[in-house]
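Taking it in order: structure first as structure tokens, then the write-up.
The values are calculated or read from the model by the stated rules, or taken from the named source; none is laboratory data. These numbers were taken from a predicted model, which means no experiment stands behind them. So basically every Cβ, Gly included, is an ideal-geometry build from the backbone, and we count neighbours across all protein chains shown. Note: accessible area is taken over every heavy atom of the protein model, side chains too, but ligands, DNA and RNA are not part of it. Shrake-Rupley method; radii C 1.70, N 1.55, O 1.52, S 1.80 Å.
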Amino acid sequence: MSEKQILLINDMAGYGKVATAAMLPILSYFGLPTYNLPTALVSNTLDYGKFNILDTTDYIKGVFPVWRELGFQFDAIATGFIASEHQADIVSRYCLEEEEKGTTIFVDPIMGDEGKLYNGVTPATIKSMREMLSVAHLCYPNYTEACYLTGRVYRVEGVSGDEAQNLLDHLRKIGPKSVLITSICVDGQPSVVGYNHLDDEYFQLPYTEIPVHFPGTGDIFSAILIGHLLNGELLKESTRKAMDGVYKLIDLNKDNEDKNRGIPLEKYLNIL
């Protein structure tokens, strides 16, 4: 197993397996020493309709100088929910500084889904996420987020293969080296599409949808993907394994009574 150290910069939910609470057990199971920096403390998953949230920007401001003084370094950084434009500026500068030392930067620009932005996401948030993408080695927005990042119109019916490639290219212009777009319907087929800068390859990986909703599946996808990549596997193969892992977890839990709390990962790590 790899001993590569990874830092998660994402929110932390007190109740529910999403964001850091979903990613940390998976990456630890992969044998990766995993550290975390919360961008916000959230009482519970937003799907319950009521929640309390604490923006931790002031805390983050004090963390980075301490880590620099102590000489802490990470082989990879994975960013997720960013609470404000100011926080994005601080985090992106830190990522750029670390990237120059050889750290790999993964960015999940969490903003919305199914054609809509999440509660509290503003035009400033979109600008912040573009800033995060500019320092990324790999980013993986869903189709909704890709449209907002590039100023494209979201189409419920999906896109053609050529339009999917065009969307990947417009994301690449923002700055990331490699790109995935998840949850995109291409020629009528739910898919993940991608571009790998290492071999200049575009690819499309179809999947079968299970018609239930769990919060945190994007974070699970992210963690499995990163786990395989940091263990030396290629992007296309790692993406397929992440897709298959998410499918299995949803299928095994599709009859759960309270889906708002996310998938109880601890029971299922062995299938990953």
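Here, P(r) means the percent of Cα pairs in each 5 Å bin from 0 to the largest distance; for the chain it is 1, 6, 13, 18, 21, 19, 14, 7, 2, 0, 0.
Which loop-located chymotrypsin sites (Phe, Trp or Tyr not before Pro) does region 85-124 contain, where loop means any DSSP state but H, G, I, E or B and the Cβ has at most 16 other Cβ atoms within 10 Å? Taking region 85-124 and a limit of 16 other Cβ atoms within 10 Å, the loop chymotrypsin sites (Phe, Trp or Tyr not before Pro) found are TYR118.
Under a Cβ-Cβ cut-off of 13 Å, what is the net charge of the residues other than GLY115 that fall near it, where Lys and Arg count +1 and Asp and Glu count -1?
Details: positive: LYS116, ARG152, ARG155; negative: ASP113, GLU114, GLU145, GLU157.
Taking every other residue near GLY115 into account, the sum is -1.
In order along region 33-45, the Karplus-derived 3J(HN,Hα) couplings, from 6.51 cos²θ - 1.76 cosθ + 1.60 at θ = phi - 60°, round to x, 10, 10, 9, 9, x, 7, 7, 9, 10, 4, 6, 4 Hz, and Gly and Pro are given as x.
For region 33-189, the Cβ-based charge dipole about the Cα centre amounts to some 200 debye (Lys, Arg positive; Asp, Glu negative; other atoms uncharged). Once the Cα-Cα distance is subtracted from the 0.36 nm per residue extended length, the TYR207 to LEU96 segment shows a gain of 36.5 nm.
Just want to confirm a number: the relative contact order over the chain, from Cα pairs under 8 angstrom separated by 6+ residues, in percent. Walk me through the numbers before you get to the answer.
Values: 506 pairs, mean separation 49.0, N = 272.
It comes to 18 percent, rounded to a whole number.
Net charge dipole, the chain: roughly 280 debye, given to the nearest 20, about the Cα centre with Cβ charges of +1 for Lys and Arg and -1 for Asp and Glu. Computed from the C-beta positions of GLU257 and TYR154, the FRET efficiency with R₀ = 51 Å rounds to 0.95.
What is region 23-84 by shape, rounded, prolate or oblate, if you read a ≥ b ≥ c off the alpha carbon gyration tensor as root eigenvalues and call it rounded for a/c under 1.5, prolate for a/b larger than b/c, and oblate otherwise? In terms of gyration-tensor shape, oblate. Restricting region 30-111 to trypsin sites (Lys or Arg not before Pro) that sit in a DSSP loop and have at most 15 other Cβ atoms within 10 Å of their own Cβ leaves LYS50, LYS101. Across region 99-108, rounded Karplus estimates of 3J(HN,Hα) from the backbone phi angles (6.51 cos²θ - 1.76 cosθ + 1.60, θ = phi - 60°) give 4, 5, 9, x, 6, 7, 10, 10, 10, 9 Hz, Gly and Pro being marked x.
Rolling a 1.4 Å probe over the protein heavy atoms of region 1-131, with every protein chain left in place, gives an accessible area that is 55 percent carbon and sulfur. Averaged over its residues, the chain has an accessible area of 46 Å² per residue, based on protein heavy atoms and a 1.4 Å probe.
Between PHE51 and LYS241, take the C-beta separation as r, use R0 = 25 Å, and let me know the FRET efficiency to the nearest 0.05.
Details: r = 32 Å, r/R0 = 1.28.
The computed FRET efficiency comes out at 0.20.
Between the listed residues SER28, THR103, TYR15, the Cα displaced farthest toward the positive end of the dipole of region 1-132, a dipole computed from Cβ unit charges relative to the Cα centre, is found at TYR15. When +1 charges are put on Lys and Arg Cβ atoms and -1 charges on Asp and Glu Cβ atoms, the dipole computed for region 96-239 relative to its Cα centre reaches about 380 debye.
Answer rounded, prolate or oblate for region 132-188, using the Cα gyration tensor with square roots of eigenvalues a ≥ b ≥ c: rounded when a/c is under 1.5, else prolate when a/b is larger than b/c, else oblate. Prolate, because a/c is 1.5 or more and a/b exceeds b/c. Once backbone amide H atoms are built at 1.01 Å from N, GLY262 has LYS17 as its partners under 5 Å, excluding neighbours fewer than 5 places away on the same chain. Calculated mean residue ellipticity at 222 nm for the chain: -12500 deg cm²/dmol, from DSSP H runs with n ≥ 4 weighted as -39500 (n - 2.57), summed, divided by the residue count and rounded to 500. Taken along the Cα-to-beta-carbon direction at a fixed 7 Å, the label points for LEU198 and GLU114 span 3.6 nm.
With an 8 Å Cα cut-off and a minimum separation of 6 or more residues, compute the relative contact order for region 113-259 in percent.
Numbers: 183 pairs, mean separation 24.5, N = 147.
So the answer I get is 17 percent.
A cut-off of 5 Å between modelled amide H atoms, ignoring neighbours fewer than 5 places along the same chain, links THR182 with ASN142, TYR143.
Using the Karplus relation 6.51 cos²θ - 1.76 cosθ + 1.60 with θ = phi - 60°, the per-residue 3J(HN,Hα) values for region 124-133 come to 5, 4, 4, 4, 4, 5, 4, 5, 5, 4 Hz, with x marking Gly and Pro. Of the GluC sites (Glu not before Pro) found in region 16-121, those in coil by DSSP whose Cβ has at most 13 other Cβ atoms within 10 Å are GLU100, GLU114.
Can you give me the % of accessible surface on region 219-272 that is carbon or sulfur? Probe 1.4 Å, all protein chains present, nothing else counted.
On the way: 1220 of 2490 Å².
Reported share for carbon and sulfur atoms: 49 percent.
Note on GLU3 and THR122: the model spin-label points, each 7 Å out from Cα along the C-beta direction, lie 4.6 nm apart.
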